[in-house]
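The values are calculated or read from the model by the stated rules, or taken from the named source; none is laboratory data. Model, not experiment: these values are computed from the prediction. So basically every Cβ, Gly included, is an ideal-geometry build from the backbone, and we count neighbours across all protein chains shown. With ligands, DNA and RNA removed, areas are computed over all heavy atoms of the protein, side chains included. Shrake-Rupley method; radii C 1.70, N 1.55, O 1.52, S 1.80 Å.
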Amino acid sequence: MTAPMLTRRTLAAGLAAMPVAARAQGAFPERNFRVVIPTGQGGGAERLARSFDDGWSKLLGRQFEYEFYPGAAGQVGYELYVARREPDAYNLLFGNMGPEMIMYALQRPRFRFPDDITYFCRIDIDDSCVFVRQDSPFRRIEDVVAEAKRRTLNVATSRIPHPASIGILALGEATGSRFNLIPYAGGNPTMVAVMSGETDIGVLPVAGITAQTGRLRVLGIFSRENVLAAKTDNAPTINAVFGTRIPDLYSSRSWAIHTRAIERHPDRFRKLEETARKVFEDRAFLEAAEKAGQPLESIRFGDRAVCTEYALGMIELANRFRAQLSAQR
């Protein structure tokens, strides 16, 4: 039996009769995304990522599945992502660029930035702060420094390689006060350590502290401006109080991807970039983020160029304070 001749007309008719789903087969994305978070489950990174992916999944038509790999200040998660996840644009990482680039500078892990990892969608800017429990005898940041000149104060922090850790060490260096950093492997345990009186003070990004009004108080901000003044009882900036020149120290959560995925699948990456930017126009995302404890003032989109500049700046800052951070390890 002779096969029917395939003409342009019969091909067009066949395509028209084909189900839409079949015609779309092969379009990106075809399956769900897998996300590595290099910290523990239930923390601020997960809450913010899930708030964001509600809107992103609507634009992409696929869901996000999470895996958590805490350990070594993020090194475990990053190395696993680079070495064991396929660079196909379906595997993403959601990280905290500030502390994790400090980790990169100090610990020299088995990956290279930006050769192996590219951040491309910054979600927030979260200034570092010094905070105490509500009934602490320290009422002002000046009280903290005065006491730290008499004795070494124990300071709770989520991890040693962190912008907030750099801030308190820089304050000690500038004022002759002494601080001992104690890492608690996450924001929630750090706040609990301060609330319970286990440590004298704490340092963390300020957004999480504002959700604990009535139990915690912010005494100072490592930034040129306190954008959350109304939510922190007008806490002053550290530099304004002491006349110091400590650089702005803030955390920024961002989506990241294998750099090889960008090179191999530029069309897929372009779609991820374009849709991620649109999520910031989704009121549902902003409401979900605020409900998760993220002040709207801190939500600020940053593209690939902005993320790369920030990440490289954090590496430079970590190298500048390497001696102080290494002494605490």
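The C-beta contact set for segment 49-68 (first residue among the polar types (S, T, N, Q), second residue open to solvent by 60 Å² or more (accessible area, probe 1.4 Å), distance under 8 angstrom, 6+ apart or interchain) comprises Ser51/Lys291; Ser57/Gln63. Checking the structure you have, find out if any residue of segment 118-129 is assigned to a loop (DSSP other than H, G, I, E, B), in the same structural domain as Phe269 (by TED's automatic domain parsing) and under 21 Å from Thr259 (Cα atoms). No, every residue in segment 118-129 fails to be assigned to a loop (DSSP other than H, G, I, E, B), in the same structural domain as Phe269 (by TED's automatic domain parsing) and under 21 Å from Thr259 (Cα atoms). Scanning segment 210-230 for residues being open to solvent by less than 30 Å² (accessible area, probe 1.4 Å) and either in a loop (DSSP other than H, G, I, E, B) or of a type in the set (Phe, Trp, Tyr) (or both) gives a total of 4. Evaluating Asn234 against the criteria (1) under 25 Å from Ile166 (Cβ atoms); (2) outside the structural domain of Gly176 (by TED's automatic domain parsing); (3) of a type outside the set (Gly, Ala, Ser) leaves one unmet condition, (2). Might you let me know whether segment 238-256 holds any residue that is surrounded by 14 or more Cβ atoms within 10 Å (Cβ to Cβ), under 30 Å from Arg112 (Cα atoms) and of a type in the set (Val, Ile, Thr)? Taking every residue of segment 238-256 in turn, at least one turns out to be surrounded by 14 or more Cβ atoms within 10 Å (Cβ to Cβ), under 30 Å from Arg112 (Cα atoms) and of a type in the set (Val, Ile, Thr). If you filter segment 112-134 down to residues that are open to solvent by 50 Å² or more (accessible area, probe 1.4 Å) and in contact (Cβ under 8 Å) with a residue 24 or more places away in the chain, you find that the one that is farthest from Leu80 (Cα to Cα) is Gln134. Arg304 falls short on exactly one of the conditions (1) in contact with a strand residue (DSSP E or B) (Cβ under 7 Å, 6 or more places away or on another chain); (2) open to solvent by 30 Å² or more (accessible area, probe 1.4 Å); (3) closer than 22 Å to Leu204 by Cα, and that condition is (3). Can we say Gly98 is touching a residue at least 24 places away in the same chain (Cβ under 8 Å), outside any strand (DSSP E or B) and at positive phi? So Gly98 fails the test.
Just give me the residues in segment 184-198 being buried (at least 23 other Cβ atoms within 10 Å of the Cβ) and of a type in the set (Val, Ile, Thr), in sequence order. Residues satisfying the conditions are Thr190, Val194.
It is to be established whether one or more residues within segment 68-77 are open to solvent by less than 10 Å² (accessible area, probe 1.4 Å) and at pLDDT 95 or above. Yes, the conditions are met somewhere in segment 68-77. Considering only segment 313-328, I want to know if a residue exists there that is open to solvent by 20 Å² or more (accessible area, probe 1.4 Å) and more than 30 Å from Ser177 (Cα to Cα). There is no residue in segment 313-328 that is open to solvent by 20 Å² or more (accessible area, probe 1.4 Å) and more than 30 Å from Ser177 (Cα to Cα). Residues of segment 44-61 that are in contact with a helix residue (DSSP H, G or I) (Cβ under 9 Å, 6 or more places away or on another chain) and of a type in the set (Asp, Glu): Asp53, Asp54. Just one of the listed residues (Ala146, Ala156, Ala174, Ala170) is touching a Ser or Thr at 6+ places or on another chain (Cβ under 7 Å) and part of a helix (DSSP H, G or I), namely Ala174.
Give Pro109, Pro137 a once-over and let me know the one that is more than 20 Å from Pro29 (Cβ to Cβ), open to solvent by less than 60 Å² (accessible area, probe 1.4 Å) and more than 16 Å from the chain's Cα centre (by Cα). Give the steps one after another, and end with the answer.
On the way: Pro137 fails: open to solvent by less than 60 Å² (accessible area, probe 1.4 Å).
Residue meeting the stated conditions: Pro109.
Restrict the check to segment 263-276 and report whether at least one residue is open to solvent by 20 Å² or more (accessible area, probe 1.4 Å), of a type in the set (A, V, I, L, M, F, W, C) and in the same structural domain as Phe52 (by TED's automatic domain parsing). The answer is no; no qualifying residue exists.
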